[in-house]
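The values are calculated or read from the model by the stated rules, or taken from the named source; none is laboratory data. In this text the structure is predicted, and so the values were computed from the model without any measurement. Please note: Cβ atoms are built from the backbone with ideal geometry, for glycine as well, and neighbour counts cover all protein chains shown.
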């Protein structure tokens with residue numbers, strides 16, 4: 001019975017793991033955050049954002065980028081545990 | 001700090017030893033030579049420097065300073081992050097990359113890189129194709145080469161680098177100034193930058209054998 005369970009459900013569990021990994025990947029979209037950091041810099045240089053707006057956004061983005069990097073590193077290492 | 005951080009490669013003959021704010025907190029830039037090539041370097045405490053905004057800016061500024069000091073010698077700019085654990089490791093890499101350096105110098109000699117970004121005003125609806133065409137008509141014939149860069153923002157209509165003969169710089173400046181008054185660019189902000197060492201037009205990577 002346990003063998004049958006494994007045969008029936010294991011593929012779905014693997015698919016769920018993969019979907020979860022993709023979702024994490026999108027949630028911590030490193031490339032998108034890097035793009036936003038460059039946009040923030042550009043709009044400041046063009047005078048559309050004030051220095052305080054720019055610095056506030058820059059700081060927030062740097063924090064998000066650091067978290068995203070850590071998550072991606074964990075995902076690559078395979079150490080992220082998927083809990084359901 | 002025994003590692004060497006590389007900004008670029010020049011042909012021997014340029015006098016390049018100066019104090020400045022360099023990458024990783026160093027304050028002196030100098031050269032490491034191998035035969036006819038010199039790597040322009042500063043000392044650093046890692047072979048894997050993190051690309052912070054501050055250090056990326058320092059890398060660019062040092063390259064600009066080198067350009068001002070090379071008196072006609074072209075510099076092959078390196079991307080951020082090329083660091084080697086010793087002069088010996090660096091010289092080995094220079095030796096292996098000599099043909100690539102020769103080709104790169106031939107391509108960029110006497111030329112500079114200029115950058116143009118066009119950004120829509122907030123919520124403006126612009127005819128992107130018409131703008132691209134107008135810019136191409138005005139600038140492409142004045143440049144030796146040009147390349148489109150990363151569109152990192154939806155508001156970027158154009159992000160392009162141009163390789164321009166140093167002698168043509170003034171003509172190119174005038175053409176960009178004229179473009180700024182063009183009716184197609186009414187709702188667009190213009191950022192014209194440079195000159196830079198021609199990063200976008202050399203493809204020499206020397207990090208692999210670190």
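Output yes when any residue across region B:172-186 is surrounded by fewer than 19 Cβ atoms within 10 Å (Cβ to Cβ), within 14 Å of chain A (Cβ to nearest Cβ) and under 18 Å from residue B:78 (Cα atoms), and no when none is.
For region B:172-186, residues surrounded by fewer than 19 Cβ atoms within 10 Å (Cβ to Cβ), within 14 Å of chain A (Cβ to nearest Cβ) and under 18 Å from residue B:78 (Cα atoms): absent.
Evaluate the following for residue B:153: is it more than 14 Å from every other protein chain (Cβ to nearest Cβ) and either assigned to a loop (DSSP other than H, G, I, E, B) or surrounded by 18 or more Cβ atoms within 10 Å (Cβ to Cβ) (or both)?
No; evaluated as a whole, the condition is false for this residue.
Tally the residues that are in contact with a strand residue (DSSP E or B) (Cβ under 6 Å, 6 or more places away or on another chain) and assigned to a strand (DSSP E or B), restricting the search to region B:1-50.
Residues meeting the conditions: 21.
Condition check ((1) closer than 29 Å to residue B:154 by Cβ; (2) surrounded by 14 or more Cβ atoms within 10 Å (Cβ to Cβ); (3) at pLDDT below 95; (4) more than 14 Å from chain A (Cβ to nearest Cβ)) across all residues:
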position	(1), (2), (3), (4)
B:100	no, yes, yes, yes
B:119	yes, yes, no, no
B:125	yes, no, yes, yes
B:132	yes, yes, no, yes
B:139	yes, yes, no, yes
B:143	yes, yes, no, yes
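Looking at B:102, B:69, B:58, B:98, can you tell me which residue is free of Cβ contacts under 8 Å to residues at least 40 places away in the same chain and out of contact with any helix residue (DSSP H, G or I) (no Cβ under 8 Å at 6 or more places or on another chain)? First the steps, then the outcome.
Values: B:69 fails: free of Cβ contacts under 8 Å to residues at least 40 places away in the same chain; B:58 fails: out of contact with any helix residue (DSSP H, G or I) (no Cβ under 8 Å at 6 or more places or on another chain); B:98 fails: free of Cβ contacts under 8 Å to residues at least 40 places away in the same chain.
Sole residue among the options that is free of Cβ contacts under 8 Å to residues at least 40 places away in the same chain and out of contact with any helix residue (DSSP H, G or I) (no Cβ under 8 Å at 6 or more places or on another chain): B:102.
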